[in-house]
1. What number of residues within segment 106-130 satisfy the criterion of being closer than 21 Å to Glu181 by Cα and either buried (at least 23 other Cβ atoms within 10 Å of the Cβ) or without any contact (Cβ under 8 Å) to a residue 60 or more places away in the chain (or both)?
2. Taking segment 84-105, which residues are outside any loop (DSSP other than H, G, I, E, B) and either within 19 Å of Leu7 (Cα to Cα) or free of Cβ contacts under 8 Å to residues at least 12 places away in the same chain (or both)?
3. Among (1) in contact (Cβ under 8 Å) with a residue 40 or more places away in the chain; (2) within 19 Å of Leu243 (Cβ to Cβ), where does Thr170 come up short?
4. Scan segment 188-235 residue by residue and report those that are touching a strand residue (DSSP E or B) at 6+ places or on another chain (Cβ under 7 Å) and either free of Cβ contacts under 8 Å to residues at least 40 places away in the same chain or part of a loop (DSSP other than H, G, I, E, B) (or both).
5. For segment 127-138, indicate whether the set of residues that are assigned to a loop (DSSP other than H, G, I, E, B), closer than 24 Å to Leu18 by Cβ and aliphatic (A, V, I, L, M) is non-empty.
6. Out of Ser10, Ser32, report the one residue that is farther than 27 Å from Gly201 by Cα, in contact with a strand residue (DSSP E or B) (Cβ under 6 Å, 6 or more places away or on another chain) and either in contact (Cβ under 8 Å) with a residue 40 or more places away in the chain or not assigned by TED's automatic domain parsing to the domain that holds Ile102 (or both).
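The values are calculated or read from the model by the stated rules, or taken from the named source; none is laboratory data. Values in this document were obtained by computation on a predicted structure and should not be read as measured data. All Cβ positions, even for glycine, are placed from backbone atoms using ideal geometry, and neighbour counts span all protein chains on display.
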Amino acid sequence: MLWQKTLARSLSFTGIGLHRGIPVTVTIYPASANQGLRFVRADLPGRPQIQAHFTRVVDTTRATTLGEGGATLATVEHLLAALRGLGVDNALIQVEGPELPIMDGSAAPFAKLLAEAGLRSLPWPRAYFLIRHPVEVRQGNQFMRVTPGEPSITYTIDFSHPLIRRQRYTVPLKSQSFYSEIAPARTFGFLKEVQHLKTQGLALGGSLDNAVVLDDNGVLNPEGLRFPEECVRHKILDVMGDLALLGLPLLGRLEVSRGSHALHHSFFLRLMSQENAWRIWVPSQRTQEKPHSSFQSPLWEAAAG
C-alpha cells in the first residue's frame, strides 16, 4: 500500500519575492490525510486560506497565481513542484506576503529543506489520476497531451537564442529524478525582456542570483549554466508545479511543446472535462494493481465539483 505523506516536522525560510522584491517568510507545517496542499496568507486579516488546486488559479501571467475569497498568492509553482516531486501530499503552507520567495530561481532550496525535515506516512492510501485514454490541447504551435503509460514528462522548447534553440528533455516522475535532474534548474529570461518587465513594476526582485539571464549571445551569470539544457529542465519544473494543482499525482505519459502556465491550466480544464479518459485509482494492498473504485476524498470532491 502506498500511503499519503506529510512532513515529519515543520520548517521555515525567508527569501525575496521575484516580482515585488520584498522579503517573504514561509513556514510549512505537517497536515493530516486528505487535507492536500493549502496556503495561508498569514499577513492578511483573518489569515485566509487558499487551496492549491487548479480551480483556484486566477492568473497565469509570468507565474501561476492562486486566489480564493479575495486573497491571492503568486509564484507558487516552484515550491509546489518540490512538494509534489518529493512526494508530499498534505501540508499547510503559511506565507507572510503576496508571493512565494524566488530563492535561487530553482526548486533546489525548497527540496533540500523538505528532505532535511523528512517525511512521515499517514494512515490513508494515496490516490492517483490514472490516465486511460489520450487527452490533448493545442493552441497555435503549442500543445500538451497525456497518454496512458509509464509516468514521465517530455518537454520541448524552441528559442532563436544560440544557447537554447530546440531543446527536448524527458524525465520519469520519480522523486530521485526530480531531486537531481529537475529541482536545480533555474528560471531563465532575456536581458531585454527583464528590462521591460521592470518598467512595468515586475521582476523587481530579479537578479543574477535568482535567474539565468541571457543577452543576445550568451549567459550573463558568471557561473554559467548548471546543465546544458537547463532551460527546458526548468520548464519541466514549472509544469510539475502546476500538475500539483490537480490535487492527486498523475499516472500517465505527459508531453508538452512550447508550453506556458496558461497552456497548462487550459489542459487541466480539458482533462477534467473528459471524464472517460481517466479514473481515480488507489493501488490495492495485495497487488498494487487493481483500482479501489469506492475511494473518494475531499481532494477528489473538489476536483469533481
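1. The qualifying residues number 6.
2. Step one: of segment 84-105, the residues outside any loop (DSSP other than H, G, I, E, B) are 84-85, 91-95, 99, 101.
Passing the criteria: Arg84, Gly85, Ala91, Leu92, Ile93, Gln94, Val95.
3. (1)
4. Gly189, Phe190, Leu191, Val194, Gly205, Ala211, Val213, Leu220, Asn221, Leu225, Glu229 - these are the residues of segment 188-235 that are touching a strand residue (DSSP E or B) at 6+ places or on another chain (Cβ under 7 Å) and either free of Cβ contacts under 8 Å to residues at least 40 places away in the same chain or part of a loop (DSSP other than H, G, I, E, B) (or both).
5. No, the conditions are met nowhere in segment 127-138.
6. Working: Ser32 fails: in contact with a strand residue (DSSP E or B) (Cβ under 6 Å, 6 or more places away or on another chain).
So the residue among Ser10, Ser32 that is farther than 27 Å from Gly201 by Cα, in contact with a strand residue (DSSP E or B) (Cβ under 6 Å, 6 or more places away or on another chain) and either in contact (Cβ under 8 Å) with a residue 40 or more places away in the chain or not assigned by TED's automatic domain parsing to the domain that holds Ile102 (or both) is Ser10.
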